[in-house]
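The values are calculated or read from the model by the stated rules, or taken from the named source; none is laboratory data. Note that the coordinates shown come from a computational prediction; the quantities given were computed from them, not determined experimentally. In this analysis, Cβ positions are derived from the backbone assuming ideal geometry, glycine residues included, and neighbour counts consider all displayed protein chains. Calculation scope for accessible area: heavy atoms of the full protein, side chains included, ligands and nucleic acids excluded. Shrake-Rupley method; radii C 1.70, N 1.55, O 1.52, S 1.80 Å.
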Amino acid sequence: MDDLREKYLTLIKDVADEAALEELRVQAVGKKGEISLKMRELGKMTPEERQVAGPALNALKDEVNSALNARKASLADAALEERLASEWLDVTLPGRRRPAGTIHPISQVWEELTAIFASLGFSVAEGPQIESDWYNFDALNIPGHHPARAEMDTFYMHREDGDNRPPHVLRTHTSPVQIRSMEAQGAPIRIIAPGRVYRSDYDQTHTPMFHQVEGLAIDKDISMAHLKWTLEEFCRTFFEVDGVELRFRASHFPFTEPSAEVDIRCSWQGGTLKIGEGDDWLEILGSGMVHPKVLQNGGIDPKEWQGFAFGVGIDRIAMLKYGIPDLRAFFDSDLRWLRHYGFAALDQPDLAGGLSR
Ligand code: DAH
């Protein structure tokens, strides 16, 4: 018995990890362990022998068990120590520096106008940037011979030789999303569609890719008054100036009847632009009552429904709001420009927090 005791206490002391310790436990006091087998032999002994061997064996078993438990605890402690040592964290390190990146003014304005129109019950719709000429033109009541096609400086996609179907285009405006949304949702409808558009044009106020936001509201009794209120509400909130004044000027678009262009009152003093005061007017958007043919092309019965639509240049209103003079710089990816005009990533625009803070 002393040999057994000596053997297991030494083995337990020298064991390297918990798995090996468990093996030892099975080997000593498991069902078929060496000490357990010895205890079974008690049955074959005489009562006198048993009286001596029984307590001694039990004591041995207890001793080995508590040695196993103690070793198990010390192995677990050592493992924890090791983990703590390898996963340490230096809480005296300085905080993270402000990230070098900024939110682009277009993204910022995009978020701002989405927040405003969401508060008015508009949801966001999308359409492809490569568009068929049906959605970009015909469905919007711009037939093939219409001068609006030429005016738009359209980029045409290439067709395979021998394919005589009309080529796809890079959409020249977000208006095709009107048709797609009508087809997908039917009436009533209230959506905005912000997105990229393309025209072959390049100077201080034009780039071949720019951004528009389309608006469309269709219901049973919608009038120009709703259009006017909606746009005034939008401009007042967007420009964060209470005295915003809009001028609705009769105009013409093939997809609206009647049509209006909207100018905003502003002043240019010492090269800086001020919204809401002065004697100048700056055009910011096109709008009107959706043409019956356009409703029809979207699968909506013009005898039952009518609505208004508008298209705003996102880049244009970003320039106006944040005093950015040259549109081309928007897309130059010049880090100095981005740091100057960009927004902090955590300043998410929302109406309750004040749009641009
Ligand atoms: N699609 C027009 C453009 O790109 C803008 C526009 C004008 C959109 C009037 C409209 C609208 O929805 O009703 O110049």
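The set of residues from segment 225-274 being open to solvent by 20 Å² or more (accessible area, probe 1.4 Å) and polar (S, T, N, Q) comprises THR237, SER251, GLN269, THR272.
Scanning segment 45-80 for residues that are acidic (Asp, Glu) and more than 30 Å from ALA16 (Cα to Cα), we see that the one that is nearest to the chain's Cα centre (by Cα) is GLU49. Taken over segment 108-137, the residue count meeting the criterion of being free of Cβ contacts under 8 Å to residues at least 60 places away in the same chain and either out of contact with any helix residue (DSSP H, G or I) (no Cβ under 8 Å at 6 or more places or on another chain) or open to solvent by less than 10 Å² (accessible area, probe 1.4 Å) (or both) is 9. Is one or more of the residues making up segment 308-331 modelled with pLDDT of 95 or more, farther than 17 Å from HIS173 by Cβ and within 15 Å of the ligand (Cβ to nearest atom)? No: segment 308-331 contains no residue that is modelled with pLDDT of 95 or more, farther than 17 Å from HIS173 by Cβ and within 15 Å of the ligand (Cβ to nearest atom).
Pairs are defined by a Cβ separation below 8 Å, a sequence spacing of at least 6 or placement on different chains, a first member in segment 15-31 that is free of Cβ contacts under 8 Å to residues at least 60 places away in the same chain, and a second member that is aromatic (Phe, Trp, Tyr); the pairs so defined are LEU24/TYR8; ALA28/TYR8. Sort out which residues of segment 41-55 are assigned to a helix (DSSP H, G or I) and surrounded by fewer than 13 Cβ atoms within 10 Å (Cβ to Cβ), and write them in order of number. Answer for segment 41-55, where residues must be assigned to a helix (DSSP H, G or I) and surrounded by fewer than 13 Cβ atoms within 10 Å (Cβ to Cβ): GLU41, GLY43, LYS44, PRO47, GLU48, GLU49, GLN51, VAL52, PRO55. Of the helices (runs of 4 or more DSSP H) that lie entirely inside segment 246-357, those containing 2 or more residues that are among the basic types (Lys, Arg) and within 31 Å of the chain's Cα centre (by Cα) span 314-322, 335-341. Checking each residue in segment 142-158 for being more than 11 Å from the ligand (Cβ to nearest atom), in a loop (DSSP other than H, G, I, E, B) and not β-branched (Val, Ile, Thr) picks out PRO143, GLY144, HIS145, HIS146, ASP153, PHE155, MET157, HIS158.
Only a single criterion out of (1) closer than 26 Å to PHE210 by Cβ; (2) touching a residue at least 12 places away in the same chain (Cβ under 8 Å); (3) surrounded by fewer than 22 Cβ atoms within 10 Å (Cβ to Cβ) is not satisfied by GLU277, namely (1). Could you look through segment 183-210, keep only residues that are open to solvent by less than 70 Å² (accessible area, probe 1.4 Å) and of a type in the set (D, E, K, R), and pick out the one that is modelled with the highest pLDDT? It comes out as ARG199.
Could you grab me the full set of residues in segment 190-239 that are aromatic (Phe, Trp, Tyr) and either assigned to a strand (DSSP E or B) or free of Cβ contacts under 8 Å to residues at least 12 places away in the same chain (or both)? Those that are aromatic (Phe, Trp, Tyr) and either assigned to a strand (DSSP E or B) or free of Cβ contacts under 8 Å to residues at least 12 places away in the same chain (or both): TYR198, PHE210, TRP229. For segment 129-136, state whether one or more residues are at pLDDT 95 or above and part of a loop (DSSP other than H, G, I, E, B). Yes; the residues of segment 129-136 include at least one that is at pLDDT 95 or above and part of a loop (DSSP other than H, G, I, E, B).
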